[in-house]
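One structure below.
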């Protein structure tokens, strides 16, 4: 076990090995040699004298000759090596008299055959002369006193892991976050009431928590524990605990014969201490604003409150939002600063706000007036000149401009047009800086249905051919059952935000099992529609439709029926209430929509009046993070005229990928003598499916079991006697533009001519 407050143990120094070496004198001649020899001898004797410096004071001779040269005989100067090998003279009994001592005893002469490089370590070392210190094994060392460890130094006890710090918290409450990490707090929750949030926050940021199993060792754990200790200190200060104490304990248990040792662990014992409070609060010039009282209320930090950095940051954001929503377009709110006073246990808050003046909206100026002029942008904006400035409305305008698809970037900058005067707000103009995006698009799509066959669709579009936002689109369809050519003019944001005027003309041929039709049509629609950026709770549309179609029903017994020409005029209107969370992939909420189309039809001199009506409802419920349940129903009716006076293309049909899956397109309902569908005047459909995330490919794939049912009747009221049921399973692959759908359906009560299965591929959910 280790502790940042543990003991730092001092160890005796290790003995160093003795190394023998030879001294090789340099060659010299004449007086230089004599001088060199004398210097060598002096150095040799000086080394011997230095070795006796540690001897006891009573062994020193204070009557020794005053100079070193007097101790060196002439023989040692003339030939120092020979003199050194001769050793000392025989011991003189009088040499023990201090007053007469004039030489040093070097012991026995050194033999010529001794190899100094390889000494005999087995031979005991003789007692050194003049050495008065005892050997370490004869010393009695005093007990070491505890000392504070050096920063970063730890003492690890590898014998056992009890994770109890040297100074544990009394009655601690332990929270184990993992096998490697545990935190202990005082048992009294009032001492640290934020512990639950604190633990969740620490667990998300902990480096010990991120430690991989293959790095699970004491060295790695100790390094990360030091980082986590700094993290704990930071988090505690965020919550206002500036005098907190943290005890860090790291250890590794020993293995036994029965089982392997568990991994090393770290424990932090946290003593929060006193929570500091807010002292003085300085908000600069905020009190000079017109709405000073309301603005001060928006910043909900006052003297005496508990100190919390999170609260201060959140309240600063609230103040910025309030300033931006009440007209202060040029307000400056700097980062807050805290001055901590440990003596008072308070923190003084300083945030010098410069509110500036209060302003109202003026005009809008565009840097591309021919492309998107300012007056058109004023029609997009959700504010009028003279309204109090709001930052959220400025951001809403920026998003709306992006939603046009005509620009790649937008920057809006308020500019003072007239300064505030007294309590009257000033006026600003919004300078809109636009960057053009490509405005031409070529698109295509390929689809296949086992009953419908292939369908290839292509289009070319210029989204701003008639500025502003006047688009022209050419489209064509080539397929097994359908061919079409059309031209569309669309004016977006026409007469208001997200309001669209559409003029469409097309010619088509349809050769389906139900009918054969050659049609030309002109349609005009004005609508308020939802977009991917702005999904509206209410959408609506109205318009008119002129149709000229030459049609005939399916052949009977191989005999083609005569063609009939129908001229139809209609005034369709529709509305949709949408509370879902997504246009393409809803997970909760409902949709309720209705469509009415009063129509007049003329065929072979006969005029008929009827009303085509339809109601759609769908509901979505998220069960958990992986499962969404979805249900849909559709009811439709055509009262007012018999079925033979209604063009086959205007009748009701069921079956297909967006209807009852498992059956062919438009193949459910009344049929003629050879079993071909002839359409009806009433419809009912029911669908239910479960969208289940699989977790595959970063959770991008779902499995969707489904069951559908539907019926078509000849009368204006639904016929429940001949309900067709289909079931199957689908796959969804989620992309950033919506799910790609593949459904495999099987008819459960098919007619003899129905296929055994059907496959559908498209973009978006079935409903």
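Identification of strands (runs of 3 or more DSSP E) wholly contained in the range 229-339 with 1 or more residues that are at pLDDT 95 or above and surrounded by 21 or more Cβ atoms within 10 Å (Cβ to Cβ) yields 277-284.
Let's see how each residue does on (1) over 30 Å from residue 373 (Cβ atoms); (2) in contact with a strand residue (DSSP E or B) (Cβ under 8 Å, 6 or more places away or on another chain); (3) surrounded by 14 or more Cβ atoms within 10 Å (Cβ to Cβ); (4) modelled with pLDDT under 85:
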residue: 420; (1), (2), (3), (4): no, yes, yes, no
residue: 424; (1), (2), (3), (4): no, no, no, no
residue: 430; (1), (2), (3), (4): no, yes, yes, no
residue: 437; (1), (2), (3), (4): no, yes, yes, no
residue: 440; (1), (2), (3), (4): no, yes, no, no
residue: 462; (1), (2), (3), (4): no, yes, yes, no
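Return a yes/no flag: does the range 600-607 have any residue that is over 54 Å from the mean Cα position of the chain (by Cα) and without any contact (Cβ under 8 Å) to a residue 12 or more places away in the chain. Yes - at least one qualifying residue is present in the range 600-607.
Quick one: would you say residue 714 is in contact with a helix residue (DSSP H, G or I) (Cβ under 8 Å, 6 or more places away or on another chain) and under 20 Å from residue 635 (Cα atoms)? Yes, satisfied.
Of the numbered criteria (1) surrounded by fewer than 20 Cβ atoms within 10 Å (Cβ to Cβ); (2) outside any loop (DSSP other than H, G, I, E, B); (3) in contact with a helix residue (DSSP H, G or I) (Cβ under 9 Å, 6 or more places away or on another chain), the one residue 377 fails is (1). The residue of the range 479-496 that is nearest to residue 666 (Cα to Cα), among those that are touching a residue at least 40 places away in the same chain (Cβ under 8 Å) and crowded, with 17+ Cβ neighbours inside 10 Å, is 481. Inspect all residues belonging to the range 721-740 and state whether any of them is part of a strand (DSSP E or B) and touching a helix residue (DSSP H, G or I) at 6+ places or on another chain (Cβ under 9 Å). Yes, the range 721-740 has at least one match. Filtered by the rule that a residue be assigned to a strand (DSSP E or B) and surrounded by 18 or more Cβ atoms within 10 Å (Cβ to Cβ), the range 360-374 gives 360, 361, 362, 364, 366. Scan the range 411-418 and tell me whether some residue there is part of a loop (DSSP other than H, G, I, E, B), surrounded by fewer than 17 Cβ atoms within 10 Å (Cβ to Cβ) and touching a residue at least 60 places away in the same chain (Cβ under 8 Å). Within the range 411-418, none of the residues are part of a loop (DSSP other than H, G, I, E, B), surrounded by fewer than 17 Cβ atoms within 10 Å (Cβ to Cβ) and touching a residue at least 60 places away in the same chain (Cβ under 8 Å). Going through (1) part of a strand (DSSP E or B); (2) in contact (Cβ under 8 Å) with a residue 40 or more places away in the chain one by one, residue 357 falls short only on (1).
Looking at the range 553-575, which of the residues that are assigned to a strand (DSSP E or B) and at pLDDT below 85 is surrounded by the most Cβ atoms within 10 Å (Cβ to Cβ)? Top of the filtered list is 553.
Looking at residue 478, is it farther than 30 Å from residue 660 by Cβ, part of a strand (DSSP E or B), in contact with a strand residue (DSSP E or B) (Cβ under 6 Å, 6 or more places away or on another chain) and not assigned by TED's automatic domain parsing to the domain that holds residue 653? Judged against the criteria, residue 478 is not a match.
Looking only at the range 199-211, decide whether some residue is modelled with pLDDT of 55 or more, within 29 Å of residue 307 (Cα to Cα), in contact with a strand residue (DSSP E or B) (Cβ under 8 Å, 6 or more places away or on another chain) and not in a loop (DSSP other than H, G, I, E, B). Yes, because at least one residue in the range 199-211 is modelled with pLDDT of 55 or more, within 29 Å of residue 307 (Cα to Cα), in contact with a strand residue (DSSP E or B) (Cβ under 8 Å, 6 or more places away or on another chain) and not in a loop (DSSP other than H, G, I, E, B).
Scanning the range 478-491 for residues that are at pLDDT 95 or above and farther than 20 Å from residue 546 by Cα yields a count of 1. Taking first residues from the range 249-273 that are more than 19 Å from residue 206 (Cβ to Cβ) and partners that are at pLDDT below 85 and assigned to a strand (DSSP E or B), no Cβ contact under 7 Å between residues at least 6 apart in sequence or on separate chains turns up.
Quick check: anything in the range 679-698 over 22 Å from residue 481 (Cα atoms), in contact with a helix residue (DSSP H, G or I) (Cβ under 9 Å, 6 or more places away or on another chain) and surrounded by fewer than 24 Cβ atoms within 10 Å (Cβ to Cβ)? Checked the range 679-698: at least one residue is over 22 Å from residue 481 (Cα atoms), in contact with a helix residue (DSSP H, G or I) (Cβ under 9 Å, 6 or more places away or on another chain) and surrounded by fewer than 24 Cβ atoms within 10 Å (Cβ to Cβ). In this structure, residue 756 does not satisfy being assigned to a loop (DSSP other than H, G, I, E, B) and surrounded by 15 or more Cβ atoms within 10 Å (Cβ to Cβ).
When each of 659, 613 is tested for being at pLDDT 90 or above and within 18 Å of residue 512 (Cβ to Cβ), the lone residue that passes is 659. Taken as a whole, the structure leaves residue 283 outside the set of residues that are within 29 Å of the chain's Cα centre (by Cα) and under 30 Å from residue 415 (Cβ atoms).
The values are calculated or read from the model by the stated rules, or taken from the named source; none is laboratory data. Model, not experiment: these values are computed from the prediction. Cβ atoms come from the backbone with ideal geometry, glycine included; neighbour counts cover every protein chain shown.
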